[in-house]
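Some notes on the structure that comes next.
The values are calculated or read from the model by the stated rules, or taken from the named source; none is laboratory data. Here the structure is a predicted model, which is why all the values come from computation and not from measurement. Ideal geometry is used to build each Cβ from the backbone, glycine not excepted, and the neighbour counts take in all protein chains shown.
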Amino acid sequence: MAEVDYYEVLGIERTASEKEIATAYRKAAMKYHPDRNPGDEEAVAKFKLCAEAFEVLNDKEKRSIYDRYGKAGLDGAGVGGGFQDVGDIFGAFGDMFGGFGDMFGSFFGGGGGGRVQRGADAQCAVTLDLREAAKGASKEIRYRRREVCSTCGGSGAKPGTKPETCRYCGGRGRVQQSTGVFSIQTTCPKCGGRGTTIAEPCVECRGSGLVSKEVVREIFVPAGVDAGTRLRVQGEGERSPNGGPPGDCYVFVQIKRHPLFRREGQDLICQIPIGYAQAALGAEIDAPTLDGPEKIKIAPGTQNGDVVRLKGRGMPTPRRNVVGDLIVQLFIETPTKLTPEHEAVLRKLAEIEGDAVLPKRKSFCSKLKDFFDDLFADDKEDKDEGQKDEKTTDGDE
C-alpha cells in the first residue's frame with residue numbers, strides 16, 4: 001500500500017502556511033466528523049487521518065522531519081502515531097474551533113457524565129556514546145510520573161468517603177450557555193469536567209487521585225539518532241485523573257563528545273596527523289572507524305588539509321537504508337624534536353631545494369659574542385665612511 005501524503009489528505013500545497021494548514025484541517029474535520037456521517041467507518045478513518053496530518057504539519061519540527069524523510073522519519077524520531085479515539089482529537093485540537101470546540105465535544109460524543117481526560121506527558125533524557133548512537137542500543141531511563149494513589153484508589157477522596165456529584169452541573173461535567181440563537185456547552189468550572197467534587201480530600205494525594213513515583217523502563221534507541229532527537233514511548237506518561245488513557249513519555253537524546261570523531265549530519269570527520277615524508281612519498285596508514293582500524297592510502301604529494309573519504313563508514317539515517325561517510329582530514333605534523341640523523345637529512349634536503357634555514361642552535365654566550373661583533377663591525381664601517389667623506393670635502397676646497 002502506498003504511503004499517504006499528509007498534504008494531499010488536507011488538500012494543500014507543500015508550501016502551505018500555518019494559517020492555510022489550520023483552515024484546511026477545520027474544513028476536513030467538519031466534513032468527516034463521525035456524527036455528520038453516522039455509521040460510516042470510512043469517514044471515521046478519514047477524520048482521524050486528517051487529525052494525524054494536522055498534528056504533523058502544524059508542528060515545525062515534525063513537518064521538517066516529514067518533508068525530508070516522510071512518515072518513516074517520524075516513526076524513527078518517535079512522533080506522529082495518530083489518534084486512537086475521536087475524543088482525543090478534540091482534547092488535542094478542540095481549541096482550534098473556538099467556542100465550537102466544546103460544542104463538538106458535547107454534541108459529537110464527548111458530553112455527559114464528565115469527559116475522561118488523557119494523562120499528561122512525561123519527559124526525561126538518555127545519554128549515549130557515539131558508537132551506541134550509530135548501532136542502536138537498549139538503554140535504561142528513569143523519570144517521575146504521577147501514579148494512581150494507593151491510599152484512595154484514585155478517587156481523590158479521604159478513605160471512608162466518596163466523591164459527591166457536582167451540584168453545579170448535576171454530574172454532567174458540562175454546563176450550557178446561551179449566546180443568541182446558539183446554545184453552547186462548556187466544561188463545568190466547578191468540577192473541571194469530572195462531574196464530581198470532593199468534600200474531604202485524601203491526605204496522600206491532596207484530592208488529585210495521583211501521587212508522584214519514580215519509573216524505571218528499558219527502551220531501544222534506534223541507530224542513527226542525533227543529539228536533540230525526541231523519542232516517544234507511548235502510554236508511559238502520567239495516568240489520567242479520571243480513567244482516561246495515559247500520556248506518553250518523551251525521551252530526549254544526548255550524545256557524548258567523542259575524542260576522535262566529529263559529527264556533521266550523517267558524516268563523521270576525523271583528523272589524522274602524517275609526517276612530511278609520508279605526505280611527499282605516499283603511504284598506507286590505519287584510520288580509526290567505529291568498527292575498528294581500516295587501511296587508507298595517502299597519495300604522493302598530499303597537501304595539508306587534503307581528505308580521504310571512506311564511503312558508508314559514517315552514521316546511518318534512522319529507519320532508512322542510508323549511511324553517511326567517514327571523512328579523514330590529513331594534516332602534516334612538524335616534529336618539535338629531531339635526532340642528529342633527522343637533522344642532517346633535513347639540512348641536506350634544504351640544501352638541495354635551495355631553502356634558507358636557521359643555523360644549528362648556539363649557546364647564549366656564543367649568540368651574544370656574535371651580536372657584539374656585528375655591532376662593532378657596523379660602527380667601524382660607519383666611522384671609516386665618515387672619514388672618507390671628510391677627506392673628499394677637503395680636497396674639493
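Tabulated data for the structure shown
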| quantity | calculated |
| --- | --- |
| Verdict on I65 being within 27 Å of I219 (Cα to Cα) and modelled with pLDDT of 75 or more | yes |
| Single match in E20, E61, E55, E8 (criterion: farther than 23 Å from R319 by Cβ, among the acidic types (D, E) and not in a loop (DSSP other than H, G, I, E, B)) | E20 |
| Number of the condition not met by S212 [criteria: (1) of a type in the set (S, T, Y); (2) under 27 Å from A122 (Cα atoms); (3) outside any strand (DSSP E or B)] | (3) |
| Residue list for segment 2-25, restricted to those being more than 28 Å from the chain's Cα centre (by Cα) and surrounded by fewer than 17 Cβ atoms within 10 Å (Cβ to Cβ) | A2, G11, T23 |
| Sole residue being farther than 30 Å from A133 by Cα, in the same structural domain as C124 (by TED's automatic domain parsing) and more than 28 Å from the chain's Cα centre (by Cα), chosen from G171, G154 | G154 |
| Residue list for segment 215-251, filter: in a strand (DSSP E or B), surrounded by 14 or more Cβ atoms within 10 Å (Cβ to Cβ) and under 23 Å from the mean Cα position of the chain (by Cα) | R217, I219, V221, R230, L231, R232, V233, C249, Y250, V251 |
| Those residues of segment 34-44 which are outside any helix (DSSP H, G or I) and either in contact (Cβ under 8 Å) with a residue 40 or more places away in the chain or under 37 Å from the mean Cα position of the chain (by Cα) (or both), in sequence order | none |
| Contacts under 7 angstrom Cβ, first residue in segment 45-65 being free of Cβ contacts under 8 Å to residues at least 40 places away in the same chain and assigned by TED's automatic domain parsing to the domain that holds Y6, partner of a type in the set (G, A, S) and outside any loop (DSSP other than H, G, I, E, B), 6 or more apart | I65/G73; I65/A77 |
| Candidates E132, E204, E140 - the one that is in contact with a Ser or Thr (Cβ under 6 Å, 6 or more places away or on another chain) and at pLDDT 90 or above | E204 |
| Per-region count, segment 269-306, residues assigned to a strand (DSSP E or B), more than 23 Å from A133 (Cβ to Cβ) and among the aliphatic types (A, V, I, L, M) | 5 |
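One line per residue, one yes/no per condition, for (1) among the charged types (D, E, K, R); (2) at pLDDT 80 or above:
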| site | (1), (2) |
| --- | --- |
| P335 | no, yes |
| V345 | no, yes |
| K348 | yes, yes |
| V357 | no, no |
| K360 | yes, no |
| S363 | no, no |
| D382 | yes, no |
| G386 | no, no |
| G395 | no, no |
